[in-house]
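Nothing in this text is a laboratory measurement; each read-out follows from the coordinates by a stated rule. This structure is a prediction, so every number in the text was calculated from the model and none was measured. We place every Cβ from the backbone using ideal geometry, glycine too, and count neighbours over all the protein chains shown.
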Amino acid sequence: MSEKKSTPNSQGMRSFYIMWIGQFVSIFASRMTGFAITLWAWDLTGSATALVLVGVSHALPGAIFSPFAGALVDRWNRKLVIMLSDFSGAFTTFILLILFTTDYIEIWHLYVAGVFSGFFGSFQYPAYASVITTMVPKEQYSRANSLRSVIASASGIGAPLLAGTLLVFLRIDGIMIIDLITFFIALGTILAIQIPQPKESDEGKKGKGTVWTETLQGLKYIRARESLFAIFLLFAFSNIAAAFTFPLISPMILAKTGSDSVILGTVRSVGSVGFLVGGLITSIWSPKKRIHGINLSFILWGILGGFIFGSSWTMTAWVIGSFFMSLFNPMINSLYIAVLQAKVEPDLQGRIFGLENAISTITYPTGQLIAGLAVDNFLEPALMPGGSLVIIFGGIAGTGAGAGMGLTILFGGILAVITGVAGYAIKSIREIETLLPDHEPITNSQPA
């Protein structure tokens, strides 16, 4: 009997690795395209606002459509959803390639492309997160999730370097052609594997109806489970902590060093390595109680990352702080997703991950906005020599340009520690893996 159960699990893990390779190649190439387009947009406009608007145009559809996209993921064949979301990215690249080669490209085309790819991208996260549950054994959830984070970190490190090198020999359209070729590689890996459809659960049957009804059922499902609702709130709060730290790393260093690009590049590179190492560690090892790994990582992220980084004025301290902030990030996210994958019925996971993605897409930019307004309008002026906060926080954050941003990062570290302590203090979170039963094993899934 154990032989029968292990066979589909091992096949599923092999299938996941095949899919992972295709996604790695495709996402790496897409990051190269994104880097090249960013350089083009900056050369054309010289406007930071224009670049921000490109990002906003991509993120906004995710915040709006993710919950409904998740409900559709639960309705449709997930393999086809993945292929559709990948195709939309390739189609966007193809249209931009035509515009670049014919010299018709304008900055507003990037905004339209961002909205289009953002809409279809809202299907991608819930689809990929939910297929892991039906492909791999439960004990491998953390590994599979961390390997997905490795794609993000490795492409974040390597894609700009390779794209920058290739732009010397190829134009931007050459990089886009490489991107399109890798789409077919990713498509081939998806076509080559089996992605099982989840078995319909009793909870899934309850919410049958319109897309709106099924989306609402996802909300009701979360609200009816105290532990699930509590951990959603905990991570919404943690997004504020993250928004107070990561976006301010570059401007703080530039402000404190007089725009020293070498120091900035060194610190950011070490941070990217930390992100990669964190993903690799979680892919090899995962704590028996995932929630303990989550809570402890929040605390260590705050102390070793935010505290050190925000209160320091030397490159050595920034390198250490950046490494640890980045190190614990993929650990936290991989373990969190694994908890949801283990506790939520597979045929409901699309809408649950869709809602989770919408919450992240809303709370993180909100935190960025709060931090940005506080820094520009109050904290930076207040921590200049003679400022109103120098007597209170000058000994911790220092004074002068960048001190207000450092204090904000330090405060983000405090919020991260509070998040981890709250995770231990609140019983419904601390004991989530005991209070919420696991769903049925993947051998009950239907092949597709």
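Some observations on this one:
- Fluctuation leader among THR399, THR419, THR213 - the chain, Gaussian network, Cα springs under 10 angstrom: THR213
- In order along the range 148-157, the phi-based Karplus estimate (6.51 cos²θ - 1.76 cosθ + 1.60, θ = phi - 60°) of 3J(HN,Hα) comes to 5, 5, 4, 4, 5, 6, 5, 5, x, 7 Hz; Gly and Pro are listed as x.
- A crude spin-label estimate for the pair THR102 and THR38, with each label 7 Å from Cα along the Cβ direction, gives 2.9 nm.
- Out-of-range pairs (alpha-carbon distance over 24 Å; input LYS138/LYS289; LYS220/LYS427; LYS205/LYS288; LYS220/LYS289; LYS208/LYS288): LYS205/LYS288; LYS220/LYS289; LYS208/LYS288
- ³J(HN,Hα), Karplus 6.51/-1.76/1.60, whole Hz, each residue of the range 72-83, x for Gly, Pro: 5, 4, 5, 7, 9, 5, 5, 4, 5, 4, 4, 5
- Near GLN197, the amide H atoms lying under 5 Å from its own belong to GLN446, ALA448; only residues 5 or more places off or on other chains count, and H is placed 1.01 Å from N.
- Label-to-label distance for SER250 and MET384 is 2.5 nm, based on points extended 7 Å past Cα in the beta-carbon direction.
- Separation between Cα centres of the range 202-219 and the range 272-325, rounded to whole Å: 38
- Extending 7 Å from Cα along the Cβ direction at ILE370 and again at ILE284 yields two label points whose distance is 3.7 nm.
- Whole-number Å³ per residue for the convex hull built on Cα positions in the range 377-431: 80
- Panel order for PHE116, PHE353, PHE183, by other beta carbons found within 10 Å of each beta carbon, from fewest to most: PHE116, PHE183, PHE353.
- Taking other C-beta atoms within 10 Å as the exposure proxy, TYR221, TYR104 rank TYR104, TYR221 from fewest upward.
- Overall form of the range 1-197 per C-alpha gyration tensor (a/c, 1.5; a/b vs b/c): prolate
- Taking 0.36 nm per residue of separation and subtracting the Cα-Cα distance, full extension of the segment from THR165 to THR314 would add 50.6 nm.
- Protection proxy ranking for 60-66, 363-369, using the average of other Cβ atoms within 10 Å per residue and placing the highest first: 60-66, 363-369.
- Segment LYS206-LEU233, extension gain: residue separation times 0.36 nm, minus the distance between their alpha carbons: 7.2 nm
- Assigned charges on the beta-carbon of Lys, Arg, Asp, Glu; the chain dipole about Cα centre (debye): 1040
- Reachable lysines, given that their alpha-carbon falls under 17 Å from the alpha-carbon of LYS79 and they are not under 8 places away in the same chain: LYS199
- With θ taken as phi - 60° and the Karplus curve 6.51 cos²θ - 1.76 cosθ + 1.60 applied, the whole-hertz 3J(HN,Hα) list for the range 190-207 is 5, 5, 7, 10, 9, 10, x, 7, x, 6, 6, 9, 4, 5, x, 5, 4, x Hz, x standing for glycine and proline.
- FRET efficiency for the pair TYR17 and ALA401, taken as 1/(1 + (r/R0)^6) with r the Cβ-Cβ distance and R0 = 60 Å, rounds to 0.80.
- Ranking of SER57, SER259, SER322 by count of other Cβ atoms within 10 Å, fewest first: SER259, SER57, SER322
- Kirkwood-type radius of the range 339-448, with distances r between different C-alpha atoms, in Å: 17.6
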